[in-house]
Amino acid sequence: MKSLILSSCLLLTLPGVAFGETHKDVQAALDYQLRENTCSKPKVIASNTSASAPAQAAGSASFFVGTGTAEVTEVDSYTRRRQERKESRWRSCVAEYKANLLNDMEELKSSARHGITQAQANTILTNMAMIQEVYLTTDGVLEQPEEVENSEKSDN
């Protein structure tokens, strides 16, 4: 009797497994591909000249230590505001991209309600981990494996 009740509950909770067909939401979750990030990071505007701290005599007191005079650049206010607007647009684009990733993650999570096997669950969890990894980056872009290998080789 207990096994009959258990098996009937199993059939009710796992319809995709019981009938051997995959629900369209589950199939979409299994076939999930990470969205392409179309946000292009603005290039940093570098000045042609940079000022450095003035030279001082050896015996004189150093008045310029820690004042940051070595990092003064000659970028006009128009260029600086234009750069700030580009960065602002880029940040909002990345925020929108990440919001879409969270929506994708919610869809992947909700696909499990249709009943999935352990192998399907592992695939969906892998996709969710990939989304999480991209979401936690500052610019919404994962480092490519070749770049990681090259950086490890250059460190050694």
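The values are calculated or read from the model by the stated rules, or taken from the named source; none is laboratory data. Quick caveat: nothing in here was measured; it's all calculated off a predicted structure. FYI the Cβ positions are ideal-geometry reconstructions off the backbone, even for glycines, and counts take in every protein chain you see.
Out of SER50, SER111, SER151, report the one residue that is at pLDDT below 55 and either under 24 Å from the mean Cα position of the chain (by Cα) or of a type in the set (Phe, Trp, Tyr) (or both).
On inspection, the qualifying residue turns out to be SER151.
For the range 131-146, does any single residue satisfy the condition of being at pLDDT below 95, among the hydroxyl-bearing types (Ser, Thr, Tyr), touching a helix residue (DSSP H, G or I) at 6+ places or on another chain (Cβ under 7 Å) and in a helix (DSSP H, G or I)?
Scanning the range 131-146 turns up at least one residue that is at pLDDT below 95, among the hydroxyl-bearing types (Ser, Thr, Tyr), touching a helix residue (DSSP H, G or I) at 6+ places or on another chain (Cβ under 7 Å) and in a helix (DSSP H, G or I).
Here is a list: LEU102, LEU136. Which entry is under 12 Å from the mean Cα position of the chain (by Cα) and closer than 19 Å to SER40 by Cα?
Testing whether each residue is under 12 Å from the mean Cα position of the chain (by Cα) and closer than 19 Å to SER40 by Cα leaves just LEU136.
Assess whether ALA70 counts as being part of a helix (DSSP H, G or I), surrounded by 13 or more Cβ atoms within 10 Å (Cβ to Cβ) and at pLDDT below 90.
No, not satisfied.
Identify the single condition in (1) closer than 30 Å to GLN33 by Cα; (2) at pLDDT below 90 that GLU106 does not satisfy, given that it satisfies every other one.
Every condition holds for GLU106 apart from (2).
Keeping to the range 113-123, report how many residues are in a helix (DSSP H, G or I), out of contact with any Leu (no Cβ under 8 Å at 6 or more places or on another chain) and in contact (Cβ under 8 Å) with a residue 24 or more places away in the chain.
From the range 113-123, those in a helix (DSSP H, G or I) are 113-114, 118-123; that's our starting set.
Checking the rest, the ones that are also out of contact with any Leu (no Cβ under 8 Å at 6 or more places or on another chain) come to 113-114, 118-119, 121-122.
Subsequent filtering for residues that are in contact (Cβ under 8 Å) with a residue 24 or more places away in the chain retains 114.
Residues meeting the conditions: 1.
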